[in-house]
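Encoded as structure tokens, the structure appears first; notes follow it.
The values are calculated or read from the model by the stated rules, or taken from the named source; none is laboratory data. In this text, all values refer to a predicted model and were calculated from it rather than measured experimentally. Virtual Cβ from ideal backbone geometry, glycine too; neighbours counted across all protein chains shown. In case anyone asks, the SASA skips ligands and DNA or RNA and just uses the protein heavy atoms, side chains included. Shrake-Rupley method; radii C 1.70, N 1.55, O 1.52, S 1.80 Å.
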Amino acid sequence: MKPNKINKVFEITIDTLYNKASGVIEQARTTAYKQVNEALVKRNWELGKLIAEEELNGEDRAAYGASIIKGLSKRLTTAYGKGFTKSYLYSYVLFYKNNSGEIFQTLFGKSRKLLSWSHYFALNQEPNDEAREWYEREAAEQNWSVRTLQRNIGSQYYFRLLASQRKDLVRKEMAELTAPLQNPDPTEFIKNPVVGEFLGFTADSSYRESDLEQSIIDNLEKFLLEMGKGFAFVARQQHIHTKKRDYFIDLVFYNYILKCFVLIDLKTSTIEHQDVGQMDMYVRMYDELKRGKDDNPTIGILLCDDTDEDIARYSVLHDNDHLFASKYMLYLPTPEQLRAEIERQKAIYFLKEKEHDENDSE
């Protein structure tokens, strides 16, 4: 057999073997995701049941019930991580109450498709039983992402559809508006930090970010600390929990000269209005939850690794540009310094990747 024919046969064999191997791997992953999700959903339902059965009726005993929740949250958080705050525990109770009795028997049965815990967490927002059941059914049948479900609940999609005489137009509009929210990544569920904590992993951003993002954030942390202008490291991937979802701030510092917290978030795409709003929310929440009485207002810095775009900075001080420029900017890196550092780290990262590829090919 001629060399060219041998090579072609060899490539076909490898392709066939690769396709079969990929099928085995993907099937195993799907099974694993399904089993982990089922265990997580069941755990949260059972915790909700335990707490609900302990709840005491009557105003005279409400304070006692709240005290029990607070104490339980503290001990569970110490032992198992951040997934057991008071608000989380109350969400488990609500999940149980929304899915109690015979409904639970079908929740894990073949007659009812099991959604992810993040979906059920979002469904807790809908107080109307009929609407909630409809959203759940549609999410399962239409494969809605969590973000699509959240948007549809928030925009009253069920009630608008019910009241409309042109339901096709309402459905079409919804599909168009939520198309960008439909995440095709099959590993999204397992990357959820709540799932990581459930499996016993420590909080680690390495499995939540791309390698490039991770490299940039790693070195920005060092960059700011080495500047020597009062920066003290506080946290990475700082968890902020609201009633609707979880957020993670990339880097948090405290500047002991300025006497304020500095929050940094990195975006891998062009900064949009919702990113600005999200940073403003981080700043407000940090001022409410973390800021001491002698601290100055929190500063938020929003970065974009596409540095053809401007690096944007947003803060509660945006209404006082003079104070920001005359005092705060003496100790904060300039946009030019941040831009140069990001570009430098991107160049280093891609150089390392090139060297790695060259070594692998030898």
Can you give the accessible area of D15 in Å² (nearest 10), computed on protein heavy atoms with a 1.4 Å probe? 90
What does the accessible area of W144 come to, in Å² to the nearest 10, when a probe of 1.4 Å is used? 20
Using a 1.4 Å probe on the protein heavy atoms only, what accessible surface does K259 show? Give it in Å² to the nearest 10. 100
In the structure displayed, which of K86/K267; K222/K259; K74/K113; K70/K222; K49/K167; K49/K172 lie more than 32 Å apart, Cα to Cα? K74/K113; K70/K222; K49/K167; K49/K172
Around Q238, under 12 Å between beta carbons, what's the net of Lys plus Arg minus Asp minus Glu among the other residues? 0
Using the Karplus equation 6.51 cos²θ - 1.76 cosθ + 1.60 (θ = phi - 60°), what ³J(HN,Hα) coupling, rounded to whole Hz, does each residue of the range 161-172 give in order, writing x for Gly and Pro? 5, 5, 8, 7, 8, 10, 4, 5, 5, 5, 5, 5
